[in-house]
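Here is the structure we will look at, set down as structure tokens.
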Amino acid sequence: MTDGQSRGLLREPLLHFALLGAGLFALFIALSDDTAIDDQTIVVSAERQAQLAASFERVWRRPPTESEFKGLLDDWLREELANREALQLGLAEQDPIVRRRLRQKYEAFVDQLSMGITPTDEELQRWYDERRGDYAEQPRYTLQQVFFSQERREHARSDALRALENLDQTDVAAALNIGDGLALPRRVQQERATAVASAFGNAFLQALDELDTGRWSGPVSSAYGEHLVFVEKRIAGREPALDEVRDTVLRDWRDAQRRAARDRIYDELLQGYEVEIASPQRPTTPEPDA
């Protein structure tokens, strides 16, 4: 391997996660060994005492008195003793809430470690290029529509065509008094393509790109019936440059690295255990066909 390849490998985030996982695993082993050597000692550190005093002051807006501080220490010691005894008795293992909370605290600790990794401009650009579609700006539409109901009319489409022939086709307000009521907006302003499709259906959306702007057109079919449509403005979709969406991309990159770090660390930790899954396993639902 050349020096350049080595330097490139050291910049790979997943290698960082592997090293992070191995280091964290070693740290936990070391801490576990220390606990095993002297598990009957409770150390109330200066930092812990400062935390207790600070918590009191946030609530009461003043430092605790000596007797109040002694009460804080006594309460913390009881909590510590109860936690240790509960763990020795295996009580936490049977409590899904405690197990879930411990997992959350552990993963929060892992996440803090992974947050120190920052991508180079080249890494972020490469990551963005692989996912450009996720950040593309959708087409947007501003339009008015007049609805002709298939349920209320025997010939909704021919009624719509007849109405279109009698309209001033370049007058956006010409169709205000015709058509049927519909629990959908008569005017759509600067709406994304997905919002238009959600309201009127994909067939309606696809037809919009074939219509001229600045005039009444149609009929355009939807699941509800027929529509005359006046497209006021159509803004084409586009893929922004990285600098335009850098904050969002960086946030997503960090979230992806955080999840990758969790996976890597759990894989590292799992190497220290032998997992036995008793049979028979619970019934499972067959996977759907691809």
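Values in this text are rule-based calculations from the coordinates and carry no lab data. Keep in mind that this is a model prediction, so the values were computed, not measured. Every residue, glycine as well, gets a Cβ built from its backbone with ideal geometry; the counts of neighbours run over all protein chains shown.
For this structure, a couple of remarks:
- Rounded FRET efficiency, nearest 0.05, which uses the C-beta distance separating THR142 from ARG103 and R0 of 51 Å: 0.60
- Under the simplified labelling scheme, the ASP95-ARG58 pair shows an inter-label distance of 2.2 nm, with each label point 7 Å from Cα along Cα→Cβ.
- GluC sites (Glu not before Pro) restricted to DSSP loop in the stretch 203-246 with at most 10 other C-beta within 10 Å: GLU210
- What you get for the stretch 137-235, charging only the Cβ of Lys and Arg (+1) and of Asp and Glu (-1), is a dipole of about 220 debye around the Cα centre.
- Distance from the C-alpha centroid of the stretch 95-172 to that of the stretch 177-207: 16 Å, rounded to the whole angstrom.
- The simple Förster model, with R0 at 30 Å and r as the Cβ-Cβ distance, assigns GLN206 and THR170 a FRET efficiency of 0.80.
- Farthest toward positive dipole pole in the stretch 137-235 [+1 Lys/Arg, -1 Asp/Glu at C-beta], among VAL172, ALA197, GLN150: ALA197
- Along the stretch 67-75 the Karplus relation, 6.51 cos²θ - 1.76 cosθ + 1.60 evaluated at θ = phi - 60°, assigns HN-Hα couplings of 5, 5, 5, 4, x, 4, 5, 4, 5 Hz to successive residues, with x for each Gly and Pro.
- All distinct Cα pairs of the stretch 137-235 go into the 1/r average, and the inverse of that average, the Kirkwood radius, is 13.3 Å.
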